[in-house]
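The values are calculated or read from the model by the stated rules, or taken from the named source; none is laboratory data. Computed from a predicted model, the values in this text were never measured in an experiment. When we count neighbours, we look across all protein chains shown, and the Cβ atoms used for this are built from the backbone with ideal geometry, even at glycine.
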Amino acid sequence: MRTPTSIAGHPLHPMLVTLPIGLWVFSLVCDVILVTGHNPDLWFTVAYVTMAGGVAGAVLAGLVGAVDLAALPRGHARAVAWAHMTLNLVVTALYLLNLWLRTGPLESMVMPLLLSLTAVIILGISGWLGGELVHVHLVGVDTDEPARRAGRRAGTALRPDRPRDTRSRA
């Protein structure tokens, strides 16, 4: 099922989610390094910046995903998409809370680290649901694209309103 937010048959949402996922997972890595005591000022700053970048990327991916969700027909795929979106909103809220906690004086890194760990676990569950949308329900998969590409390679466009000329051109 093609999605409204596609470019050249490729859905945008899966492309955009790589940014917040990567940044948030890396911010967790930074937090783990931070609690070991290795250059804490650097790793605190890097974790903070990657979290903020992840939130910005999540907003963009979420807007595109919301457009795709609105286009889904009622049914199981739409219910899975709602659960996927809800979990991603929870993850984004956890990272916003995490950022807010880091703006003031921190007595301990326990709470920010737990927030990051919890958010990444929920993000993994949400990613599983996103994978179900693509691989089981074929959301964002244009099943007609291979035939269109084959027609372009053969020098003819497949059009349902006109039969294809199969005579040889000798």
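If the condition is being without any contact (Cβ under 8 Å) to a residue 40 or more places away in the chain and either in contact with an Asp or Glu (Cβ under 8 Å, 6 or more places away or on another chain) or buried (at least 19 other Cβ atoms within 10 Å of the Cβ) (or both), then the stretch 95-145 contributes only Leu115. The residue that is farthest from Asp144 (Cα to Cα), counting only those in the stretch 1-40 that are of a type in the set (A, V, I, L, M, F, W, C) and without any contact (Cβ under 8 Å) to a residue 40 or more places away in the chain, is Ile33. Kindly indicate whether Pro112 is of a type outside the set (S, T, N, Q), in contact with a helix residue (DSSP H, G or I) (Cβ under 9 Å, 6 or more places away or on another chain) and over 24 Å from His13 (Cα atoms). Answer is yes for this residue.
Each residue in the stretch 56-94 was checked for being farther than 17 Å from Pro11 by Cβ, touching a residue at least 40 places away in the same chain (Cβ under 8 Å) and surrounded by fewer than 19 Cβ atoms within 10 Å (Cβ to Cβ), and 2 pass. Out of the residues in the stretch 1-29 that are touching a Leu at 6+ places or on another chain (Cβ under 9 Å) and farther than 30 Å from Thr143 by Cβ, which is surrounded by the most Cβ atoms within 10 Å (Cβ to Cβ)? My answer is Trp24.
Screening Ala77 with (1) at pLDDT below 95; (2) more than 20 Å from the chain's Cα centre (by Cα) gives one miss only, at (2).
Determine if the stretch 44-53 includes at least one residue that is buried (at least 19 other Cβ atoms within 10 Å of the Cβ) and modelled with pLDDT under 95. No: zero hits. Within the stretch 129-170, can you find the residues that are of a type in the set (Asp, Glu) and modelled with pLDDT of 55 or more? Answer for the stretch 129-170, where residues must be of a type in the set (Asp, Glu) and modelled with pLDDT of 55 or more: Glu132, Asp142, Asp144, Glu145, Asp161. Residue by residue through the stretch 1-38, note down the ones that are modelled with pLDDT under 95, hydroxyl-bearing (Ser, Thr, Tyr) and either under 19 Å from Leu133 (Cβ atoms) or touching a helix residue (DSSP H, G or I) at 6+ places or on another chain (Cβ under 6 Å) (or both). Once the filter is applied, which keeps residues that are modelled with pLDDT under 95, hydroxyl-bearing (Ser, Thr, Tyr) and either under 19 Å from Leu133 (Cβ atoms) or touching a helix residue (DSSP H, G or I) at 6+ places or on another chain (Cβ under 6 Å) (or both), the stretch 1-38 yields Thr3, Thr5, Ser6.
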